[in-house]
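> The structure that follows is given in the form of structure tokens.
Please treat every number below as a calculation from the coordinates, not as lab data. Since this is a predicted model, take the numbers as computed values, not measurements. Don't worry about glycine lacking a Cβ; one is built from the backbone with ideal geometry, like all the others, and counts go over all protein chains shown.
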Amino acid sequence: MSIAPPPYAGRLPLWAAVGVAVFCGILMATQSRINGELGHRMGDGFTAAAMSFSIGLVIVAVITVLMPTARRGVGTAFAEVRRGALPTWMLFAGFGGAIFVLSQGLASAVIGVSLFTVAFIGGQTVSGLIVDRVGIGPGGRRYLTVRRVLGASIALAVVIWSVLTHLDPDIPSWMLVLPLIAGAAVAVQQAANGRVAGASGSAVTSTLFNFIAGSVVLIAIALVHAALAGGFPDALPPEWWLYLGGPIGVTFIFGLATAVRTTGVLLLGLCSVAGQLGGSIAVDLIAPGTGHGVDATTPIAAALIVLAVLVVSLPRRARL
């Protein structure tokens, strides 16, 4: 059975979808800083990730209850699954978000938001190109034009250069690999969220399924970790802003699920990447954490990623 989706009405114009994706990227960088600091303060990135996602679940559940279209969307999504129009696994796309939030809690405070973002971009860029070619996203199959491959190649080259520049023997290699895996998972998540939003008629419904799946897996991981480590942290940090990761996640997941229907996964990823890089530079300058800060290579990397976004945005021509 083909996984190509039917066309859906109500898509954003391209300029608006690109703007939403860039803003969501800024929010993702901000969330990385917040969740990373929460995990660092608690001394337990597993519990921090579970808390962040669970707070988001409560918020989106309340929104769903209050919105008739979102409530209807839940039933519609299940109906689409039963008739085979929507693959069942797409309701569990929140696993990708869980990997992302977990990597934030474990790695971003140590390696710095900028370096974390660059490693994340590598996985997201390559995965986005593959996801678009396979046709998982709501825009259907998008062929590998010369410009799309060139844009992705520029982004990937920037990632490799940035990571090599920042290699540090004090940083465990898995802390660079984890955000790379998270980036690949998030590209699939964004495509699936867009499909669920289109099938259900509500991006809120898609966001709800995302947070249910992510919360379940992160809570399970936190419980296993607590059992092995001898319990949960004794106290929670008092700063209120450390608990904003969940609300921020609700906002950008909703926004990306809406924008991907217009942009496709690769362009969505590169636009959000541009926002992430700009946001991560601002975060590391304004509120630096315990990890690596901003150096001369980071703004150069951000400028080259923006160039990659412009290349991918140009009209498509020859197919590969």
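> What 222 nm value per residue comes from the helices of the chain, counting each DSSP H run with n ≥ 4 as -39,500 (n - 2.57) and dividing by all residues, nearest 500 deg cm²/dmol? Don't jump to the answer; show the numbers that get you there.
Details: 11 runs with 230 residues, N = 320.
When only DSSP H runs of four or more count, the value is -25000 deg cm²/dmol.
> Now for a separate question. When F116, F100 are ordered from fewest to most other Cβ atoms inside 10 Å of their Cβ, what list results?
Details: F116 31, F100 27.
Lowest to highest Cβ neighbour count: F100, F116.
> Average the reciprocal distances over every distinct pair of alpha-carbons in region 134-201, invert the result, and give the Kirkwood radius in Å.
One decimal place: 14.5 Å for the Kirkwood radius.
> Give the residue from G94, Q124, L150 lying farthest towards the positive end of the charge dipole for region 77-166; charges sit on Cβ (+1 for Lys and Arg, -1 for Asp and Glu) and the dipole is referred to the Cα centre.
Farthest towards the positive pole: L150.
> Whose amide H sits under 5 Å from the amide H of T145, counting only residues 5 or more places off or on another chain, with H placed in the peptide plane?
Close amide H contacts, sequence-distant or interchain: L320.
> Right, next: Given 25 °C and 0.890 mPa s, how large is the Stokes-Einstein diffusion coefficient of region 168-238 in µm²/s, with Rh as the Kirkwood radius over Cα pairs? Spell out each step's value before the answer.
Numbers: Rh = 15.1 Å.
Taking Rh from Cα pairs, D becomes 162 µm²/s.
> Please compute the Kirkwood hydrodynamic radius of region 73-137 from all pairs of different C-alpha atoms, in Å with one decimal.
Averaging 1/r across every pair of different Cα atoms and inverting gives 14.1 Å.
> Starting from the Cα of A296, step 7 Å along the direction of its Cβ; do the same at L164; then give the gap between the two resulting points in nm.
Spacing of the two 7 Å Cα→Cβ label points: 1.8 nm.
> Oh, and also: For E239 and V62, what does the FRET efficiency come to when R0 = 35 Å and r is the distance between their Cβ atoms, rounded to the nearest 0.05? Working shown, then result.
Values: r = 24 Å, r/R0 = 0.68.
Once the sixth-power term is evaluated, E becomes 0.90.
> As an exercise, find the ratio Rg/Rh for the chain from alpha-carbon atoms, using the Kirkwood inverse-distance average for Rh.
0.96
> Name the shape class, rounded, prolate or oblate, that the alpha-carbon gyration tensor gives for region 37-77, where a ≥ b ≥ c are the square roots of its eigenvalues, rounded holds for a/c under 1.5, and otherwise prolate holds if a/b is larger than b/c and oblate otherwise.
prolate
> Roughly how many debye, to the nearest 20, is the charge dipole of the chain about its Cα centre, given +1 on each Lys and Arg Cβ, -1 on each Asp and Glu Cβ, and no other charges?
1700 debye
> Once Lys and Arg get +1 and Asp and Glu get -1 on their Cβ, which of P299, A222, P237 lies farthest toward the positive end of the dipole of the chain?
Among P299, A222, P237, the one farthest towards the positive end of the dipole of the chain is P299.
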